[in-house]
Amino acid sequence: MTGRKRTLEAISFELVMTGIAIIALVIIIAPSLVVLIVSFTSGFSLRFPPPGYSLRWYAELWNAWQLHFAAKNSLIVALWATGLSVVLGVGAALAISRSRTLSARLLDSLFMSPLVLPALAFGLAALMLFSLVGLPVSPLTLVIGHTVVCVPYVVRNTVAALAQLEPTLLESSAVLGASRLYTFRRIVLPLIRPGIIAGAFIAFMSSFDNVPVSLFLRDAATDMLPIRMWQDLEGKLDVTIAALSSVLIIATVALVAVMERVTGLSRRLTN
Amino acid sequence: MGRAPASRDVTSYGMGLAAPLALFFLAFFVAPLLQLLWLSLHNDTAALHWGLGQYLHFLTDPFSLRVLGSTLLLGAEVTATCLVLGFPIAWLYQRVGPRLQTIIILIVLLPLLTSVVVRTFAWIVILGRQGIINATLQSLGVIDTPLKLLYTQFGVVIALAQVQMPLMTLPLITALGRIDPNLDDASCSLGAGSWRTFFRVVLPLSLPGVIAGCTLTYAAAITAFITQSLIGGGQMLFMPMYLYQQASTLQNWPFASAISIIFLLAVLAVVSVFTTLGRLSRGYGGA
């Protein structure tokens with residue numbers, strides 16, 4: 001800030017902006033910290049601050065087989081949906097990324113639309129279609145539904161990575177006699193891999209966390225973790241959920257740290 | 001040679017690679033939505049009689065209209081809260097060193113990737129009768145009986161604002177990063193104060209980011225089923241829960257379909273208003 005006078009007016013502006021920013025950052029981070037602290041309570045309620053500290057609710061969580069079962073289902077569905085999203089999404093991203101045709105732009109809008117449309121409406125629609133064609137709800141219908149709402153993240157991140165790719169690299173490779181497949185394997189794929197991984201990671205997290213689609217496409221045999229937690233919370237405020245939430249928060253922090261290293265996740269989401 | 005004609009563009013791939021996903025979307029995204037539309041145009045649950053009965057029912061029923069109205073209002077309140085709180089974060093981000101920048105971005109990012117149920121649960125702990133706010137106020141002697149914060153509009157708005165904050169902040173950080181910092185200095189050295197520079201230079205130039213952020217936040221806030229139902233409780237009904245009740249509890253699929261279509265159209269209308277504003281602002285902010 002060269003030559004700017006430190007007037008009262010400038011100071012008031014900076015104080016207000018910095019103040020709100022700090023309040024906002026605290027509002028963002030505080031809830032997670034509160035859950036972490038409350039999960040170690042020795043009491044039976046979610047009182048804050050806790051009357052004492054213990055690991056009893058983690059022991060409780062260790063024995064909560066219903067939650068384990070739901071977590072396992074969610075994990076399996078999320079892994080399949082992510083895999084399917086990568087296979088379908090990377091191909092689609094390659095096709096539409098460098099094309100300026102109308103059909104490419106229309107496909108791009110189509111592939112992105114699940115991000116904006118109410119997922120609950122899609123969940124209901126999918127359930128009605130599956131019941132029309134006689135496909136009962138199962139892990140398969142869950143994987144299909146989740147893939148529809150998760151694939152946009154893979155497409156978007158892969159398209160962004162492809163946009164950064166120097167076209168001259170591909171031309172040089174072709175001039176030097178490399179086949180398209182060889183160029184793809186040795187040049188394109190290594191360069192866009194971090195983008196694909198970042199997209200797959202976000203797709204995985206959003207599938208694992210999905211409620212609106214799962215709500216319609218699961219049954220008792222395919223209980224999903226976020227729905228189990230939601231229904232537990234509707235019934236009673238159980239501290240076990242705080243312990244589980246803490247485990248999920250820690251796992252998310254660890255995964256984000258790894259992803260930041262591998263893919264530069266934060267840069268990707270602000271470009 | 002002979003493998004590929006010399007003129008062939010080696011930098012792009014054929015549209016054929018998009019075919020699998022296009023077919024997948026046709027079968028499992030477009031077809032279900034078309035079926036939803038088809039069913040919503042029937043007057044009876046057996047889908048034998050065509051008609052606009054479901055829509056007429058919704059549009060003439062004060063209760064349904066109130067649910068729609070409060071949902072759209074909720075979205076506006078959450079979006080405004082996110083904008084007021086999120087903009088200073090993006091502003092601060094541009095003014096601190098790289099290490100603080102990484103910390104800010106990770107603070108903003110983490111909630112985006114943390115489970116929505118977990119984040120909502122945290123707000124139950126904070127806003128509850130024995131939660132932090134009530135405990136603090138009571139120990140300070142400000143209040144005698146706990147305030148009712150959970151199951152109120154205020155609680156839903158603040159919880160949703162926190163849950164959706166990253167969607168607002170990330171585009172704003174991007175937009176502010178694209179503004180030439182010299183403009184800021186130029187405006188100040190020409191005599192405009194910091195406030196005036198902010199409202200006349202920085203804010204208009206960041207409009208594309210503001211609009212992108214508002215679109216994402218609004219769409220996410222009005223469809224945020226979990227947070228709405230857990231923080232709002234049974235007394236506050238918004239469109240997603242209304243839809244779910246009609247479809248699941250009452251098994252009234254045609255009416256649920258009509259609710260879905262009306263909700264879809266409402267979201268699309270809001271998004272296209274934002275998109276149009278974005279296009280208008282681009283001439284402004286693209287500089």
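Rule-based calculations on the coordinates, nothing more; no lab input. It should be emphasised that the depicted structure is a prediction, and the values quoted were computed from it without experimental measurement. Heads up, the Cβs are rebuilt from the backbone with ideal geometry, glycines too, and the neighbour counts pull from every protein chain shown.
Structural remarks
- Scanning chain A for long hydrophobic helices, with DSSP H runs required to stretch 18 angstrom or more by C-alpha along their axis and to average at least 1.0 on the Kyte-Doolittle scale, returns A:8-38, A:65-97, A:119-132, A:139-163, A:189-208, A:239-263.
- Neighbour counting of Cβ atoms within 10 Å sorts the residues A:240, B:120, A:101, fewest neighbours leading, into A:101, A:240, B:120.
- Dipole magnitude of the protein assembly as shown about its Cα centre (Cβ charges: Lys, Arg +1; Asp, Glu -1), debye to nearest 20: 1260 debye
- Legend: mean number of C-beta atoms from other chains within 10 angstrom of residue C-beta atoms, peptide B:253-261, equals 3.
- Residue exposure sequence - B:244, A:58 - by fewest surrounding Cβ within 10 Å: A:58, B:244
- Each peptide in A:44-55, B:248-259 receives the mean, over its residues, of other Cβ atoms within 10 Å, and ordering these scores from highest gives B:248-259, A:44-55.
- The shape of the range A:163-271 comes out prolate: with a ≥ b ≥ c from the C-alpha gyration tensor, a/c is at least 1.5 and a/b beats b/c.
- Separation of alpha-carbon centers, the range B:153-168 and the range A:42-108, rounded to whole Å: 21 Å
- At 1.567 mPa s and 4 °C, Stokes diffusion of the protein assembly as shown via Kirkwood alpha-carbon radius, µm² per second: 51 µm²/s
- Here the scattering of the range B:119-165 is modelled by Debye summation over its C-alpha atoms, one equal scatterer each and no solvent; at q = 0.14, 0.15, 0.18, 0.28 Å⁻¹ the log10 of I(q)/I(0) is -0.33, -0.37, -0.52, -0.98.
- Spacing of the two label points (7 Å from each Cα toward its C-beta) at residue A:103 and residue A:18, in nm: 5.7 nm
- If you take the Cα centroid of the range B:196-230 and the Cα centroid of the range A:147-221, the two points sit 27 Å apart.
- The helix-only estimate of mean residue ellipticity at 222 nm for chain A, built from DSSP H runs of length n ≥ 4 each weighted as -39500 (n - 2.57), is -24500 deg cm²/dmol after division by the residue total.
- Relative contact order of the range A:166-269, defined on C-alpha pairs under 8 angstrom at six or more residues apart (%): 27 percent
- Scoring A:118-130, B:267-279 by mean Cβ neighbours within 10 Å over their residues and listing the highest first yields A:118-130, B:267-279.
- In the frame of its principal axes, the range A:139-180 has Cα extents of 47, 20, 8 Å, reported largest first.
- Rotationally averaged projected area of chain A (alpha carbon convex hull; nm²): 22.2 nm²
- Estimated 222 nm signal from helices in chain B, with DSSP H stretches of n ≥ 4 weighted -39500 (n - 2.57), rounded to 500: -22000 deg cm²/dmol
- Counting every C-alpha pair in the range B:1-88, the share spaced more than 22 angstrom apart comes to 66%.
- Dipole of the range A:181-271, positive direction: furthest Cα of A:265, A:205, A:216, with charges on the beta-carbon: A:265
- Using a Gaussian network model of chain B in which every pair of alpha carbons under 10 angstrom is joined by a spring, one finds that among B:163, B:116, B:96 the greatest mean-square fluctuation is at B:96.
- GNM top mover of B:228, B:164, B:130 - chain B, alpha-carbon springs below 10 Å: B:130
- For chain B, built as a Gaussian network whose Cα springs stay under 10 Å, the top-fluctuating residue of B:12, B:206, B:260: B:12
- Fraction of alpha-carbon pairs over 36 Å apart in chain B - percent: 35 percent
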